[in-house]
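Contents: one structure, followed by commentary.
The values are calculated or read from the model by the stated rules, or taken from the named source; none is laboratory data. Just so it is clear, the model here is predicted, and its values are computed rather than measured. Cβ coordinates were reconstructed from backbone atoms using ideal geometry, including for glycine residues, and neighbour counts include every protein chain displayed. These accessible areas exclude ligands, DNA and RNA; they are computed on the full protein's heavy atoms, side chains included. Shrake-Rupley method; radii C 1.70, N 1.55, O 1.52, S 1.80 Å.
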Amino acid sequence: MFKVLNYINGELIEPKAGSFLENYNPAEGKPYSLVPDSDAEDVQHAVDAASLAFPAWSAMPVEKRSAILQKIADLIDRDLDQLALAESIDQGKPVKLAKVVDIPRASANMRFFATGAIHFSSEAHITGQEAINYTTRTPVGVVGCISPWNLPLYLFTWKIAPALAAGCTVVAKPSELTPMTAFLFSKLCMEAGLPNGVLNIVHGLGPKAGQAIIEHPNIVAISFTGGTITGKKIAATAAPMFKKLSLELGGKNPNIIFADCDFEQALHTSIQSSFSNQGEICLCGSRIFVERSMYNRFVEEFVLRTKKLTVGDPNDEQTKVGALVSEAHMKKVLGYIELAKQEGGTILTGGKQVKLNGRCADGYFVEPTVITDLDAFCRTNQEEIFGPVVTIMPFDTEDEVIGYANSTGYGLSATLWTENLKCAHRVAAQLKSGIIWVNCWLFRDLRTPFGGMKQSGVGREGGWEALRFFTEAKNVCIKI
Ligand code: TXE
């Protein structure tokens, strides 16, 4: 079977212990490749390589660093079709989605931070007639980047691009469930002439290879995206070691629809924000709140359109909903649908596993599911499901819906639909979420800070925030 390899010190190599895990194609429910089951020894090798590479990479003129990273972006664009297919086979998403979202956003990440670093500047503060302060920002050193399985190359590059652009060297671990695009990416790095040891990709399990990265004393900063429970473990290990931490965790995002909205636009986008990538995006709006005067109309249309979404083979152009990432995850999602029933929910459409024919007969497909008649505080509406499952609830007043929206432990994103400008500003100001989208969803400007409040994480990624995270500030104060 095809073997994914680690990328350490510029070479593609097997893990030292020679052990591999099976990598599944979730649309077929079968293993299709092997992925290294790396351990602390492999991580040590990667840290050694990254430490050795750090002085030259951090001292390299930023324009030269930038040119290498931009070359990688060009190569991602060149290999768009191959990367999109690989991402789909690993993750279960429709190839078409990977082609228009995941892979283009991955090359955009590389290009944005590569060029951003050229314009990154530090500050000076003049203290009246008394002193001049200037701040230097230098790359922190060897950093760890750990990424999840839902948007594999997109989130992998989201972490490593600012780190590399800032002048850090990196030990990275993609999710063991979706290693293929990171493996292909390592080949692109070699082709682009990235110096040996600057980026090291160690594949393997979270509690083994991932934990070894978190615990390693020479890794001084950790950027992690994944589940909130994993985030807690990482913080518990890294905080007492005084590592810099950026944690981008789960969400249970409200999608608030006021009766004065542009109905068609709200409906169309809400279908996307509910079911894109099988609902496996931390920014999906999984709790829809609709103003009561429009509730019945919205629910009726929403269910009609949900029923039209084709669940199918990710290779098929018509497919809108592909496979969930793993059998375990599918069981978790189906378990939440059962919980919703026990809590008194009504399943208006969906609710079951989908059995397809042909090559996808054993795949992990779940019907897009719409649930009503639940209150905002039940477990179904408080816990992250991370699948093609949404609940819809009515509300009467602004204060009431703000209360519902803010009632979970999460605070990643929120979406608002209204044509009333004052209402939009008023409600946005009161929502406890890191991003509020008004009359849109998943719109991205890479210059903006990105991250969550409450249990959705700490730190902000994106723009200068990310470049700052990977640098250390020093202030020099000169008395005049
Ligand atoms: O992710 P994990 P899981 C949510 C979603 C999902 C839940 C759990 O609700 O159902 O999290 O998903 C690595 N030290 N999100 O368990 O484990 C792991 O190998 C270091 C939201 O599959 O958090 C992988 O590379 N690393 C999310 C990465 O962490 C460890 C996206 C994420 O996996 C580790 C994914 C450890 N001890 C899931 N344990 C989002 N915010 O987008 C695991 N890992």
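Among the residues of the stretch 203-219, the one identified as near the ligand (Cβ under 7 Å from one of its atoms), open to solvent by 10 Å² or more (accessible area, probe 1.4 Å) and either in contact with a Gly (Cβ under 6 Å, 6 or more places away or on another chain) or not in a helix (DSSP H, G or I) (or both) is Leu205. With respect to (1) over 25 Å from Ala114 (Cβ atoms); (2) open to solvent by 30 Å² or more (accessible area, probe 1.4 Å); (3) touching a residue at least 40 places away in the same chain (Cβ under 8 Å), the lone exception for Phe450 is condition (1).
Quick one: in the stretch 134-165, which of the residues that are more than 21 Å from the chain's Cα centre (by Cα) and of a type in the set (Ser, Thr, Tyr) is nearest to the ligand (Cβ to nearest atom)? If you could, list the steps in order and put the result at the bottom.
Here is the first cut: in the stretch 134-165, the residues more than 21 Å from the chain's Cα centre (by Cα) are 134-142.
This time we only want the ones that are of a type in the set (Ser, Thr, Tyr), so: 134-136, 138.
Numbers: Tyr134: 37, Thr135: 32, Thr136: 31, Thr138: 26 Å.
Ranking the candidates gives Thr138 first.
Answer with yes or no whether Asp399 is under 25 Å from the mean Cα position of the chain (by Cα), farther than 22 Å from Arg297 by Cα, of a type outside the set (Ser, Thr, Tyr) and outside any strand (DSSP E or B).
On the way: under 25 Å from the mean Cα position of the chain (by Cα): no; farther than 22 Å from Arg297 by Cα: yes; of a type outside the set (Ser, Thr, Tyr): yes; outside any strand (DSSP E or B): yes.
Judged against the criteria, Asp399 is not a match.
Val299 fulfils the conditions (1) out of contact with any Leu (no Cβ under 8 Å at 6 or more places or on another chain); (2) farther than 29 Å from Gly363 by Cα; (3) among the hydrophobic types (A, V, I, L, M, F, W, C) except for a single criterion, (1). Can Ala424 be described as part of a loop (DSSP other than H, G, I, E, B), among the aliphatic types (A, V, I, L, M) and more than 30 Å from Ala166 (Cβ to Cβ)? Against the criterion (part of a loop (DSSP other than H, G, I, E, B), among the aliphatic types (A, V, I, L, M) and more than 30 Å from Ala166 (Cβ to Cβ)), Ala424 does not qualify.
Exactly one residue out of Pro139, Pro162, Pro148 is buried (at least 20 other Cβ atoms within 10 Å of the Cβ) and under 30 Å from Tyr364 (Cα atoms): that is Pro148. Scanning the stretch 287-303 for residues that are without any contact (Cβ under 8 Å) to a residue 24 or more places away in the chain and open to solvent by less than 90 Å² (accessible area, probe 1.4 Å) yields a count of 0.
For first residues located in the stretch 308-329 and basic (Lys, Arg), partners that are surrounded by fewer than 16 Cβ atoms within 10 Å (Cβ to Cβ) and modelled with pLDDT of 95 or more and lie 6+ apart or on another chain with Cβ distances below 7 Å form the pairs Lys320/Thr310. Annotation: of all residues in the stretch 220-269 being assigned to a helix (DSSP H, G or I) and assigned by TED's automatic domain parsing to the domain that holds Leu431, the one that is nearest to the ligand (Cβ to nearest atom) is Thr269.
Taken over the stretch 404-423, the residue count meeting the criterion of being open to solvent by 10 Å² or more (accessible area, probe 1.4 Å) and in contact (Cβ under 8 Å) with a residue 12 or more places away in the chain is 7.
Of everything in the stretch 287-310, what is of a type in the set (Gly, Ala, Ser) and either under 12 Å from Pro368 (Cβ atoms) or not assigned by TED's automatic domain parsing to the domain that holds Asp260 (or both)? Give them in sequence order. Break it down stepwise before answering.
From the stretch 287-310, those of a type in the set (Gly, Ala, Ser) are 293; that's our starting set.
Answer for the stretch 287-310, where residues must be of a type in the set (Gly, Ala, Ser) and either under 12 Å from Pro368 (Cβ atoms) or not assigned by TED's automatic domain parsing to the domain that holds Asp260 (or both): there is none.
Being within 16 Å of the ligand (Cβ to nearest atom), open to solvent by 70 Å² or more (accessible area, probe 1.4 Å) and in contact (Cβ under 8 Å) with a residue 40 or more places away in the chain is not true of Val390. Here's a check for you: in the stretch 270-286, which residue that is polar (S, T, N, Q) and in contact with a strand residue (DSSP E or B) (Cβ under 8 Å, 6 or more places away or on another chain) is most open to solvent (accessible area, probe 1.4 Å)? That would be Ser286. Here Thr346 does not qualify as touching a helix residue (DSSP H, G or I) at 6+ places or on another chain (Cβ under 8 Å) and not assigned by TED's automatic domain parsing to the domain that holds Thr178. For first residues located in the stretch 146-164 and part of a helix (DSSP H, G or I), partners that are within 13 Å of the ligand (Cβ to nearest atom) and at pLDDT below 95 and lie 6+ apart or on another chain with Cβ distances below 8 Å form the pairs Trp158/Glu461; Lys159/Glu461; Pro162/Glu461. Within the stretch 166-202, restricting attention to residues that are of a type in the set (A, V, I, L, M, F, W, C), assigned to a helix (DSSP H, G or I) and closer than 25 Å to Pro139 by Cα, the residue that is nearest to the ligand (Cβ to nearest atom) is Ala182.
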